[in-house]
Amino acid sequence: MKQTFKLVRGAVVECDGHENFTPGRMYFEGHAFCHTREDEDRFLEDGGAKETGKTAIPRGKYRLITSESPRFGRILPEVLHVPDFTGVRIHGGNTAEDSGGCILVGQIRTATGIAKCAPTVTQIINSIDDAAELGIETWLEVE
């Protein structure tokens, strides 16, 4: 058995004086769950060029687990086996500059990013951990 989060990306948004970013929506088991913000989608799966720390992960299906983040010093969701990426996490943050190749999540979309991140991250962690206790894998589908 498995449970699935699905990330549906919008078009890349150009920010005046800031990096471009990719907004999106995350769904859990088919229901709208939260807003997302990632670095620029450079369409890596179609041959686009990666810019380290400034590129969204490629579209695909990835296993999610929780583990200790060396960068943040706490347990966070980790996206496994992303081609040409290491240490991809789901965490809070407000702007593309906070992403560094990770997926930012929050409940509210603002003019400059997203907000109410901490409770959203906690819900994802709890979902992954609760499923794991029952022997259920958690997956992320990025479209």
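All distinct Cα pairs of region 75-133 go into the 1/r average, and the inverse of that average, the Kirkwood radius, is 12.1 Å.
Split the accessible area of region 8-104 by element, probe 1.4 Å, and carbon with sulfur accounts for 50%.
How big is the Kirkwood radius of the chain, worked out from every pair of different alpha carbons and given in Å to one decimal? Display every interim value, and only then the final one.
On the way: mean 1/r = 0.0665 Å⁻¹.
In the chain this quantity evaluates to 15.0 Å.
Here the relative contact order of region 58-143, from alpha carbon pairs under 8 Å that lie six or more residues apart, stands at 32 percent. Under the combined filter of DSSP loop state and at most 14 neighbouring Cβ atoms within 10 Å, region 38-143 retains these chymotrypsin sites (Phe, Trp or Tyr not before Pro): Phe43, Phe72. The aspartates and glutamates whose alpha-carbon is closer than 20 Å to the alpha-carbon of Lys2, local same-chain residues fewer than 8 away aside, are Glu29, Glu78, Asp129, Asp130, Glu133, Glu137, Glu141, Glu143. Taking all protein chains as they are arranged and a probe of 1.4 Å, the heavy atoms of Glu40 leave approximately 40 Å² accessible to solvent. Here Val82 sits with roughly 10 square angstrom of accessible surface, probe radius 1.4 Å. Helix 117-133 axis versus longest C-alpha principal axis of the chain: approximately 40°, rounded to the nearest ten. Accessible area per residue for the chain, computed on protein heavy atoms with a 1.4 Å probe, is 51 Å². Ellipticity at 222 nm from helices only: DSSP H runs of n ≥ 4 in the chain, each -39500 (n - 2.57), divided by the residue count, give -4000 deg cm²/dmol.
The values are calculated or read from the model by the stated rules, or taken from the named source; none is laboratory data. Everything quoted here is computed from the prediction, not taken from an experiment. Cβ atoms come from the backbone with ideal geometry, glycine included; neighbour counts cover every protein chain shown. Accessible surface areas use protein heavy atoms only, side chains included; no ligands, DNA or RNA. Shrake-Rupley method; radii C 1.70, N 1.55, O 1.52, S 1.80 Å.
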